[in-house]
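**Student:** This is the structure, below, for whatever I ask next.
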Amino acid sequence: MSHNELIEQTLNNAVEYARAFLHEGSVATYIPELAKGNAAHIGACLITPDGAQYHCGDWQQDFTIQSISKTINLIYALQSVGYEKVFSKVGVEPTGDAFNSIVKLETRNTRPLNPMINAGAIATASCCMNRPDPFGEFLNLTRTLCGRQTIGLNEAVYLSEKKAGMRNRSMAYLMQSDNILENDAEQVLDLYFRMCSVNVNTQDLAHYGLVLACDGVDPLTGKRLVESWIVRIVKTLMVTCGMYDGSGEFAMKVGIPAKSGVGGGIMGSVENKLGLAAFGPALDAKGNSVGAYHIFEYLSHHLGLHYFSGKACKI
Ligand code: DON
């Protein structure tokens, strides 16, 4: 079997393996528009630096980026206002709590613990509020990182989040009262809700994962899109916090820097080797896609992608 055939066959097998677990999850309902997702959908896309692309299942299906936007939000903030400003507003430690938990804002520290949880992403977004068009700039960056200029907002999900996002609202107001947010909470929330509601597919996110894998350079064009020091920060936080309170288990079982979202996506990045995205709207209790999680696990095991695989890596 050729190298390309091996990858293609393994990806197909991964999707079939993961499909058997979909019944264990269910679509997110706390954002009413997401409840319309199809729990039977599953797909994946993998891209290597030579431009070879492999895909399977519902890989072209659009879904909202949700918390995967937290990585782009962080890149945007670090590019726009720099390290000191961003990390004066948000920390870099895992929480061990759910992605939408409010508890540590009050008990531990006023600054949210990291940019990959909702409170931390809202604080990160607030750093860019004084820019002329923060969402426009964020969207342009997303389009560039994903390699598709037609990426846009899912208006229905955005409005649904804005209407139903009372937990996020309470966190934002609490942070405003502690002067972590320098701007009006509603304005920051509007930016945050828009960021979460951008429509993508697995090809887009695999391309983004590949850019991260290649130190911020798009290997298909040779252009540097993100500076190395920013890429290193983002991938480190994907390892420690990218799967919320499931990050430790994911690191042990899968060992790929990754970020999940309640739209059903997981984006991952294997150093110098590939970008990977998987999708399936059925979620586990922690808000991670059951199907996408199992696709990552299967591929990591069968292609030797764990960051400590050493010589077992087949790519
Ligand atoms: O704010 C929220 O709750 C959603 N827009 C994003 C949460 C999310 O994706 C967590 N992911 N697993």
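Every number in this text was worked out from the coordinates using simple rules, so none of it is lab data. Because the structure is a prediction, the values reported are computed rather than measured. No Cβ is skipped: glycine too gets one built from the backbone with ideal geometry, and neighbour counts run over all protein chains shown.
**Student:** With labels modelled as points extended 7 Å from the Cα through the Cβ direction, what inter-label distance (nm, one decimal) is found for Glu84 paired with Met1?
**Tutor:** Label-label distance for Glu84 and Met1, simple model: 5.4 nm.
**Student:** Oh, and also: Would you tally the net charge around Glu137, using a Cβ to Cβ cut-off of less than 13 Å, leaving Glu137 out, and scoring K and R as +1, D and E as -1?
**Tutor:** Around Glu137, the charge tally is +2.
**Student:** Taking a ≥ b ≥ c as the square roots of the eigenvalues of the Cα gyration tensor of region 1-51, is the shape rounded (a/c under 1.5), prolate (a/b larger than b/c) or oblate? Before the final figure, lay out the partial values.
**Tutor:** Numbers: a/c = 4.99, a/b = 2.13, b/c = 2.35.
Cα axes put region 1-51 in the oblate bin.
**Student:** If you line up the long axis of helix 185-196 against the longest principal axis of the chain, both from Cα atoms, how many degrees apart are they, to the nearest 10?
**Tutor:** Helix 185-196 and the main axis of the chain meet at about 10 degrees.
**Student:** While we're looking at this one, here's another question. For the chain, take N as its residue count and report Rg(C-alpha) divided by 2.2 N^0.38 Å. Please report the intermediate quantities before stating the final value.
**Tutor:** Details: Rg = 18.1 Å, N = 315, 2.2 N^0.38 = 19.6 Å.
This ratio for the chain stands at 0.92.
**Student:** Have a look at region 153-274 and give its Rg and Dmax from the Cα atoms, expressed in angstrom.
**Tutor:** 16.5, 46
**Student:** Going by a ≥ b ≥ c, the root eigenvalues of the Cα gyration tensor, does region 8-104 fall in the rounded group (a/c under 1.5), the prolate group (a/b larger than b/c) or the oblate group? If you can, show how the numbers build up before the last one.
**Tutor:** Values: a/c = 2.37, a/b = 1.44, b/c = 1.65.
Oblate.
**Student:** Provide the net charge surrounding Glu182, with neighbours chosen by a C-beta distance below 15 Å and charges set as Lys +1, Arg +1, Asp -1, Glu -1. Present the calculation step by step, with values, prior to reporting the outcome.
**Tutor:** Working: positive: Lys85, Lys89, Arg111, Arg131; negative: Glu84, Asp178, Asp184, Glu186.
Charge balance near Glu182 sits at 0.
**Student:** When a/c reaches 1.5 or more, the comparison of a/b and b/c decides; with that in mind, is region 209-306 rounded, prolate or oblate per its Cα gyration tensor?
**Tutor:** Values: a/c = 1.80, a/b = 1.66, b/c = 1.08.
Note, shape of region 209-306 comes out prolate.
**Student:** How far is helix 202-213 tilted off the main Cα axis of the chain, in degrees rounded to 10, range 0 to 90?
**Tutor:** 80
**Student:** Still on this structure, please answer the following. Net charge near Thr124: determine it from the other residues with C-beta under 9 Å of the C-beta of Thr124, scoring Lys and Arg +1 and Asp and Glu -1. Don't jump to the answer; show the numbers that get you there.
**Tutor:** On the way: positive: Lys70, Lys89; negative: none.
Net of charged neighbours comes to +2.
**Student:** Follow-up question, since we're still on this one. Plugging the Kirkwood radius over Cα pairs into Stokes-Einstein for region 60-212, at a temperature of 37 °C and a viscosity of 0.692 mPa s, what D comes out in µm²/s? Can you show the working numbers first?
**Tutor:** Details: Rh = 15.5 Å.
In µm²/s, the coefficient rounds to 212.
**Student:** Normalised by the number of residues in the chain, what is the relative contact order in percent for Cα pairs under 8 Å and 6+ residues apart?
**Tutor:** Details: 668 pairs, mean separation 86.7, N = 315.
Relative contact order here is 28 percent.
**Student:** Measuring from centroid to centroid over Cα atoms, what is the spacing of region 62-131 and region 168-237 in Å?
**Tutor:** 9
**Student:** Using only Cα positions of region 119-186, each an equal point scatterer, no hydration layer, compute I(q)/I(0) via Debye at q = 0.12, 0.25, 0.26, 0.29 Å⁻¹ and quote the log10 values to two decimals.
**Tutor:** Listed by q, the Debye log ratios stand at -0.39, -1.15, -1.17, -1.20.
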